[in-house]
Amino acid sequence: MKTVYLIANGDLRTSANQKCEAAQAAMEQQISAALAAEGWTVRRAHGFDPAKGHGFIDSQKYGMQVFEQIPAEAPLVVAEAVWQYSHHILHGLLTHRGPILTLANWSGQWPGLVGMLNLNGSLTKAGVKFSTLWSEHFDDTFFLTGLRRWLETGELVHDTEHARPLAEVGVPAEAAALGREYALELKRRKAIMGVFDEGCMGMYNAIIPDELLHQTGVFKERLSQSALYARMLTVTEAEAQEVLDWYLRHGLKFDFGTDEAEQLTKAQVLEQCKMYIAAVRISADFGCSTIGIQYQQGLKDLAPASDLAEGTLNNVSRPPVYREGTREELYPGEALPHFNEVDECAGLDGLVTYQLWRRLGYAPENTLHDLRWGRQYTGGGIDAYVWVFLISGAAPPAHFVGGWGGASSERQPSMYFRLGGGTLKGVSKPGWIVWSRVYVAEGRLKFDTGLGEVVSLPEAETGERWQLTTAQWPIMHTVLKGVSRDQMMARHQSNHIQVVYAPDLAAARHGLFTKAAAMQELGLEVAICGNIE
């Protein structure tokens, strides 16, 4: 029989791989059945490891061993039902000569879709030719037709007609002038991006080569998470308590317990307050206009999660931070835009968005989210595909219904965050947003953007979507205008998507065009996605 090789890339963290093993195994059974129906058999290139309790590729070292056993010309499926570290297998995919298919299950339970999008973005940046597919049950026409085409031709092309070059769309004169003026000023005065250790969780697609970033006027300050931890040790208990007291006065609710292993504790939150203070102080020392903390490697073994600090940094209204030994407030009246998981593409986007929205007189708070999952929703005047945008806690409370008073902090899941720490959770308010993504392809920076509408769903629907994904994280219910589910999956080059609110639809259109013009002047190739009317 004709043979397809299959690999399952996973997390570095053993606990996450063990927890997700059952979902991966179930998906692989469905994939094998679909391939068998087409006359192909599946050969898994690596087995289940009883000592580890899972069957995932969990390191770059192991990934290299696995690829030694895969014929270079063989058809290869990368099947993802979980979050994965792209660098575990990027080396092998770079040199594999046979057709490659990345494949994920359409499920919110574990972030397999998110993992696949990260891998896809990494392959695109690396110039690797690949095809991609997704399905809920692996028996639908879209999947079966696509699978058959890939098996027959080794290639699969999806509809991406929703994305048009900026030149074809045209930019209104006022927006073009404002965007160009801002971009020229940024390139003249320049800005510093603080990077607390690069390459989080193998996100090759999230690293902007310096020579591409420099053309925008932004330059990296390479900082160390060990320095961040050392600076945390200099923050006093009284300073941390002041931040916690500020949270409580402004209505942030903490889900405190006493079990450090599974519950959120006050001690964990106070450590997060110290991280927040330390991050602001280091940023001020180095003159950073935006920062990103990796956390998932290294810092995760020393301190609670960074997410409460990240979301706080992204909000204009936040606890004041003073230079050591003084009452000199740092970054007064401003957010310090933070890009989760050191995604430098999001960092550039977030910095430009923040500064440009300030000029336009709009609320400047913005954040990335995972493009996690979605499904059709009908009711209450809504009949649309509603995406679940979800991130581990870096969303600013300005985005939430009720602001700080509508926000809560719950313990991060122990499978990912051994030392705990609170999220910054809330339901994003209804309104118009501009969404976007900076990415690297064909050796240059590119930029996709479009309009979206955040909708209000019934409490029961929101609760169910949280339970089907990660209930501790902030959520945004989003309808992407003029972009179908499959078009978005086919085009989007990241697990992350950047979002910012605008006062109304007209303001969103004006902001979108102004930012598009700015990005073009900064040297990025711009595409307008979907309906912008």
Exercise. Of the residues in the range 463-487, how many are within 24 Å of Gly422 (Cβ to Cβ) and in contact with a Ser or Thr (Cβ under 9 Å, 6 or more places away or on another chain)?
Worked result: 8
Problem set entry | Among (1) more than 24 Å from the chain's Cα centre (by Cα); (2) touching a residue at least 24 places away in the same chain (Cβ under 8 Å), the one test that Ala267 misses | (2)
For this session: Please indicate, with yes or no, whether at least one residue in the range 412-425 is crowded, with 24+ Cβ neighbours inside 10 Å, touching a strand residue (DSSP E or B) at 6+ places or on another chain (Cβ under 6 Å) and free of Cβ contacts under 8 Å to residues at least 60 places away in the same chain.
Result: yes
Problem set entry | Residue that is surrounded by the fewest Cβ atoms within 10 Å (Cβ to Cβ) [pool: residues in the range 36-51 that are touching a Gly at 6+ places or on another chain (Cβ under 8 Å) and not in a strand (DSSP E or B)] | Gly47
For this session: Would you check which residues across the range 1-27 are over 25 Å from the mean Cα position of the chain (by Cα) and either in a strand (DSSP E or B) or not hydrophobic (A, V, I, L, M, F, W, C) (or both) and list them?
Result: Lys2, Thr3, Val4, Tyr5, Leu6
For this session: Would you list the helices (runs of 4 or more DSSP H) that sit entirely within the range 74-154 and hold 3 or more residues that are under 17 Å from the mean Cα position of the chain (by Cα), modelled with pLDDT of 95 or more and surrounded by 21 or more Cβ atoms within 10 Å (Cβ to Cβ)?
Result: 112-126
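When only residues in the range 426-473 that are of a type outside the set (Gly, Ala, Ser) and assigned to a helix (DSSP H, G or I) count, which is surrounded by the most Cβ atoms within 10 Å (Cβ to Cβ)? Let's see the steps before the verdict.
Narrowing the range 426-473 to residues of a type outside the set (Gly, Ala, Ser): 427, 429-430, 432-435, 437-440, 442, 444-449, 451, 453-455, 457-459, 461-462, 464-470, 472-473.
Filter once more, keeping what is assigned to a helix (DSSP H, G or I): 459, 461-462, 464-467.
Numbers: Glu459: 9, Glu461: 17, Thr462: 15, Glu464: 13, Arg465: 22, Trp466: 19, Gln467: 11.
Among them, the one singled out is Arg465.
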Problem set entry | Qualifying residue in the range 286-294 (condition: assigned by TED's automatic domain parsing to the domain that holds Gly350 and either among the charged types (D, E, K, R) or in a helix (DSSP H, G or I) (or both)) | yes
For this session: Identify, from the list Phe256, Phe286, the residue that is under 20 Å from Val243 (Cβ atoms) and surrounded by fewer than 23 Cβ atoms within 10 Å (Cβ to Cβ).
Result: Phe256
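Going through the range 367-402 one residue at a time, which ones are in a strand (DSSP E or B), of a type outside the set (Val, Ile, Thr) and in contact with a Phe, Trp or Tyr (Cβ under 6 Å, 6 or more places away or on another chain)?
His369, Gly374, Gln376, Leu390
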For this session: Return the residue satisfying two criteria in turn: it lies in the range 319-366 and is among the charged types (D, E, K, R) and in contact (Cβ under 8 Å) with a residue 40 or more places away in the chain, and of such residues it is surrounded by the most Cβ atoms within 10 Å (Cβ to Cβ).
Result: Asp349
Problem set entry | Gly393 being in contact with a helix residue (DSSP H, G or I) (Cβ under 6 Å, 6 or more places away or on another chain) and either at pLDDT below 95 or outside the structural domain of Asp343 (by TED's automatic domain parsing) (or both) | yes
For this session: Examine the range 52-61 for a residue that is outside any helix (DSSP H, G or I), among the acidic types (Asp, Glu) and more than 22 Å from Gln29 (Cβ to Cβ), and state whether such a residue exists.
Result: no
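Quick grid of which residues meet (1) of a type in the set (D, E, K, R); (2) surrounded by fewer than 16 Cβ atoms within 10 Å (Cβ to Cβ):
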residue	(1), (2)
Ala227	no, yes
Arg231	yes, no
Ala240	no, no
Ile291	no, no
Exercise. Going through the range 9-35 one residue at a time, which ones are buried (at least 16 other Cβ atoms within 10 Å of the Cβ) and farther than 30 Å from Gly298 by Cβ?
Worked result: Met27, Glu28, Gln30, Ile31, Ser32, Ala34, Leu35
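The values are calculated or read from the model by the stated rules, or taken from the named source; none is laboratory data. Note that the structure is a prediction, hence the values are computed from the model and not measured. Using ideal geometry, Cβ is built from the backbone for each residue, glycine included, and neighbour counts are taken over all protein chains shown.
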